[in-house]
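Got a structure for you, questions after.
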Amino acid sequence: AGIESLGDLTGKRVLVRSDLNVPLDGTTITDDGRIRASVPTIQQLSDAGARVVVTAHLGRPDGSPDPKFSLGPVAARLSELLGRPVAFATDTVGASASETVAALQDGEIAVLENVRFNDGETSKDDAVRGGFADQLAQLADAFVSDGFGVVHRKQASVYDVALRLPSAMGGLVAAEVDVLRRLTESPERPYVVVLGGSKVSDKLGVIDNLIDKADKILIGGGMVFTFLKAQGHEVGKSLLEADQLDTCTRYLSEAADRGVEIVLPTDVVVDTAFPSGDREPQPSVVPASEIPADALGLDIGPDSATAFAAALADARTVFWNGPMGVFEVDAFADGTRAVAQALTEVDGLSVVGGGDSAAAVRQLGFDEGAFGHISTGGGASLEFLEGKELPGIAVLERD
Ligand code: 3PG
């Protein structure tokens, strides 16, 4: 149920789990998309007169405080976006948290330090996690789950705390679930799925689940070289997951049996070394079947980009996860740019899922409003499309 199910929130302490896990370069936030996506719910609670206590994680610290992963810069950015002060507690459930929460007036907002500085947060031991969730729950009268990017994690601030407080789904989680259900339950056809990113092994579940739902699956990114190798091509020094070759072969034949088209690039952009600061990129385009032994593939080629765009042109539903190449380097960004552009022209529902693809469309200068939906979840949106039960959703929807 939504926030209104919590009743009058005036003066109530509301713990909000947001996903504020943003990329940082030192203390500089390089993409604040997740913070911006978290603002409406925080604002809504504040407008309702709640004393808003935001909890979130950053990175994967080892369960103890680590200044590299402090949420301090994130709290500062949140304050800028809200245009009002945001208090910051230097711990999650300690003295600073209690004092900061106790000092909140109605409508005021505080952010607690990285919840993963506490080993109870991610513990596999239910009792340990529960003990930590008890401490979090003491800071609030109600809980709002709004961190879509973490709903696939059975962690204290996502799952266990919802068992301990009156709980509701925030607007971001509700909107994400709504769109992703449209992708899994009766999508309009043609339904085209575009997959990229580095690893096949990260996408197995999605391919398994979508291979009989999608009409076409377009594959690019680092993961494509394992498919090309499975087709019998040499891939030079490109990324290869040798242990996934049989799986790729199976997908190619399964797709053929089911009438699903798996579209692989026919040309690729290669270089002789992975781009680094040391030298200028030296891109060249080669047929996907003729990658030289000393080269590695870093993007899909121009013919493939045109073919992918054409495959997307008449789609009514599109899900895209994972960049087509090393888009951070301009010389290898064209494939990702072409796919992003094609998505903006889809007449129907276009969904960009995954932290990397979402960051890519923003970094390449696309207007977010041109896409049907940009998911804030990477792993979470993939697991949703895999058909898995997400603990952070299930706990809110239990009877
Ligand atoms: C993400 O970045 O996908 C989410 O914030 C979840 O982070 P995690 O994979 O470290 O749990």
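The values are calculated or read from the model by the stated rules, or taken from the named source; none is laboratory data. Remember, it's a predicted structure, so these values are computed and weren't measured experimentally. Here Cβ is always computed from backbone atoms with ideal geometry, including for glycine, and neighbour counts include all displayed protein chains. Accessible surface is based on the protein model in full, side chains and every heavy atom, while ligands, DNA and RNA are left aside. Shrake-Rupley method; radii C 1.70, N 1.55, O 1.52, S 1.80 Å.
Report every pair of residues separated by at least 6 positions or lying on different chains whose Cβ atoms are under 7 Å apart, first residue within segment 197-210 and under 16 Å from M324 (Cβ atoms), second in a loop (DSSP other than H, G, I, E, B) and of a type in the set (S, T, Y).
Hits for this filter: zero, empty list.
Of all residues in segment 235-269, which are part of a loop (DSSP other than H, G, I, E, B) and more than 27 Å from P190 (Cβ to Cβ)? Break it down into steps so the answer makes sense when it comes.
Of all residues in segment 235-269, those part of a loop (DSSP other than H, G, I, E, B) come to 235-241, 259-260, 264-266.
Residues satisfying the conditions are V235, G236, K237, S238, L239, L240, E241.
Oh, and also: Among the residues of segment 285-302, are any open to solvent by 30 Å² or more (accessible area, probe 1.4 Å) and under 29 Å from the mean Cα position of the chain (by Cα)?
Scanning segment 285-302, I find at least one residue that is open to solvent by 30 Å² or more (accessible area, probe 1.4 Å) and under 29 Å from the mean Cα position of the chain (by Cα), so the answer is yes.
Can you tell me which residues in segment 133-150 are more than 14 Å from E176 (Cβ to Cβ) and either open to solvent by less than 10 Å² (accessible area, probe 1.4 Å) or within 16 Å of the ligand (Cβ to nearest atom) (or both)?
Going residue by residue through segment 133-150, those that are more than 14 Å from E176 (Cβ to Cβ) are 133-144.
A133, L136, A140, A142, F143, V144 - these are the residues of segment 133-150 that are more than 14 Å from E176 (Cβ to Cβ) and either open to solvent by less than 10 Å² (accessible area, probe 1.4 Å) or within 16 Å of the ligand (Cβ to nearest atom) (or both).
Output the residues belonging to segment 151-169 that are within 16 Å of the ligand (Cβ to nearest atom), over 22 Å from V352 (Cβ atoms) and open to solvent by 30 Å² or more (accessible area, probe 1.4 Å).
Those that are within 16 Å of the ligand (Cβ to nearest atom), over 22 Å from V352 (Cβ atoms) and open to solvent by 30 Å² or more (accessible area, probe 1.4 Å): K154, Y159.
What is the residue count in segment 102-130 for residues that are open to solvent by less than 30 Å² (accessible area, probe 1.4 Å) and not in a loop (DSSP other than H, G, I, E, B)?
11
Could you please let me know if P61 is more than 12 Å from the ligand (Cβ to nearest atom), in contact with a helix residue (DSSP H, G or I) (Cβ under 7 Å, 6 or more places away or on another chain) and either modelled with pLDDT of 95 or more or of a type in the set (A, V, I, L, M) (or both)?
Values: more than 12 Å from the ligand (Cβ to nearest atom): no; in contact with a helix residue (DSSP H, G or I) (Cβ under 7 Å, 6 or more places away or on another chain): yes; either modelled with pLDDT of 95 or more or of a type in the set (A, V, I, L, M) (or both): yes.
For P61, the condition - more than 12 Å from the ligand (Cβ to nearest atom), in contact with a helix residue (DSSP H, G or I) (Cβ under 7 Å, 6 or more places away or on another chain) and either modelled with pLDDT of 95 or more or of a type in the set (A, V, I, L, M) (or both) - is not met.
Here's something else I'd like to know. Out of the helices (runs of 4 or more DSSP H) lying entirely within segment 318-399, which hold 3 or more residues that are farther than 30 Å from Q282 by Cα, at pLDDT 95 or above and not hydroxyl-bearing (S, T, Y)?
On the way: elements: 334-344, 355-363, 379-385, 391-397.
The helices (runs of 4 or more DSSP H) meeting that bar are 391-397.
Tell me the residue from A370, A359 that is of a type in the set (A, V, I, L, M, F, W, C), within 14 Å of R337 (Cβ to Cβ) and touching a strand residue (DSSP E or B) at 6+ places or on another chain (Cβ under 9 Å), please. Explain how you work it out, then say what you get.
Values: A359 fails: touching a strand residue (DSSP E or B) at 6+ places or on another chain (Cβ under 9 Å).
That would be A370, the only listed residue that is of a type in the set (A, V, I, L, M, F, W, C), within 14 Å of R337 (Cβ to Cβ) and touching a strand residue (DSSP E or B) at 6+ places or on another chain (Cβ under 9 Å).
Name every residue in segment 17-66 that is within 17 Å of I109 (Cα to Cα), among the β-branched types (V, I, T) and under 16 Å from the mean Cα position of the chain (by Cα), in order of residue number.
Scanning segment 17-66 gives a single hit, I35.
Confirm whether V179 is open to solvent by less than 20 Å² (accessible area, probe 1.4 Å), assigned to a helix (DSSP H, G or I) and within 23 Å of A309 (Cβ to Cβ). Before you say what the answer is, go through the steps one by one.
Numbers: open to solvent by less than 20 Å² (accessible area, probe 1.4 Å): yes; assigned to a helix (DSSP H, G or I): yes; within 23 Å of A309 (Cβ to Cβ): yes.
Considered against the rule, which asks whether it is open to solvent by less than 20 Å² (accessible area, probe 1.4 Å), assigned to a helix (DSSP H, G or I) and within 23 Å of A309 (Cβ to Cβ), V179 comes out as yes.
Also: Could you go through segment 177-193 and let me know if any residue there is in contact with a Gly (Cβ under 8 Å, 6 or more places away or on another chain) and more than 30 Å from A142 (Cα to Cα).
So far as segment 177-193 goes, yes, one or more of its residues are in contact with a Gly (Cβ under 8 Å, 6 or more places away or on another chain) and more than 30 Å from A142 (Cα to Cα).
Name the residues in segment 190-234 that are part of a strand (DSSP E or B) and open to solvent by less than 10 Å² (accessible area, probe 1.4 Å), would you? Before the answer, list the steps.
Pass one, segment 190-234, residues part of a strand (DSSP E or B): 191-195, 216-219.
The answer is Y191, V192, V193, V194, L195, I217, L218, I219.
To continue, here is another question. Can you name every residue in segment 268-284 that is touching a helix residue (DSSP H, G or I) at 6+ places or on another chain (Cβ under 9 Å) and either open to solvent by less than 10 Å² (accessible area, probe 1.4 Å) or among the basic types (K, R) (or both)? So that I can check it myself, show each step before the final result.
Looking only at segment 268-284, we keep the residues that are touching a helix residue (DSSP H, G or I) at 6+ places or on another chain (Cβ under 9 Å), and these are 268-269, 271, 275, 280-283.
Within segment 268-284, V268, D271 meet the criteria.
Same structure, new question: Hand me the list of strands (runs of 3 or more DSSP E) wholly inside segment 1-101 holding 2 or more residues that are open to solvent by 30 Å² or more (accessible area, probe 1.4 Å).
On the way: elements: 13-17, 51-55, 87-89.
Passing ranges, in order: 87-89.
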